[in-house]
């Protein structure tokens with residue numbers, strides 16, 4: 001399945017039509033239909049990322065992000081980038097702080 005086909009399938013599973021999705025995303029309908037029919041390679045990367053974020057798809061692999069958004073996944077990757085640089089003592093300290101913050105009402109979602 002091509003990236004365009006994945007996008008179209010995802011759009012139609014979450015919205016009534018491609019037109020409805022294009023209106024919600026403020027993307028010209030003709031631009032979106034052309035990209036879905038001919039391939040998204042000519043579409044601006046920022047637009048593709050916005051579309052993937054809205055559909056909860058990874059903008060690189062086009063796999064489902066489950067319940068997370070692209071922004072949340074990018075933040076998760078950023079946190080992990082720093083976490084893996086810590087030694088064991090640092091990792092334990094960070095995990096302890098996160099556990100403490102997670103219990104405080106002020107910091108819960």
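Throughout, read-outs are computed from the coordinates displayed, never taken from laboratory work. Computed from a prediction, not measured in an experiment: that's the story for all the values here. Glycine gets a Cβ as well: all are built from the backbone with ideal geometry, and neighbour counts include every protein chain shown.
Only one of the numbered conditions (1) surrounded by fewer than 17 Cβ atoms within 10 Å (Cβ to Cβ); (2) within 21 Å of residue 74 (Cα to Cα); (3) touching a residue at least 12 places away in the same chain (Cβ under 8 Å) is violated by residue 33, and that is (2). Got at least one residue in segment 54-74 being part of a helix (DSSP H, G or I), touching a residue at least 40 places away in the same chain (Cβ under 8 Å), under 30 Å from residue 36 (Cα atoms) and touching a helix residue (DSSP H, G or I) at 6+ places or on another chain (Cβ under 6 Å)? Looking through segment 54-74, at least one residue is part of a helix (DSSP H, G or I), touching a residue at least 40 places away in the same chain (Cβ under 8 Å), under 30 Å from residue 36 (Cα atoms) and touching a helix residue (DSSP H, G or I) at 6+ places or on another chain (Cβ under 6 Å).
Once segment 6-19 is narrowed to residues that are under 13 Å from residue 55 (Cβ atoms) and without any contact (Cβ under 8 Å) to a residue 12 or more places away in the chain, the residue that is surrounded by the most Cβ atoms within 10 Å (Cβ to Cβ) is 15.
Can you pull out the residues in segment 79-107 that are part of a loop (DSSP other than H, G, I, E, B) and in contact with a helix residue (DSSP H, G or I) (Cβ under 7 Å, 6 or more places away or on another chain)? The one that is part of a loop (DSSP other than H, G, I, E, B) and in contact with a helix residue (DSSP H, G or I) (Cβ under 7 Å, 6 or more places away or on another chain): 86. For residue 64, the criteria (1) in contact with a strand residue (DSSP E or B) (Cβ under 9 Å, 6 or more places away or on another chain); (2) surrounded by 15 or more Cβ atoms within 10 Å (Cβ to Cβ) hold in every case but one, which is (2).
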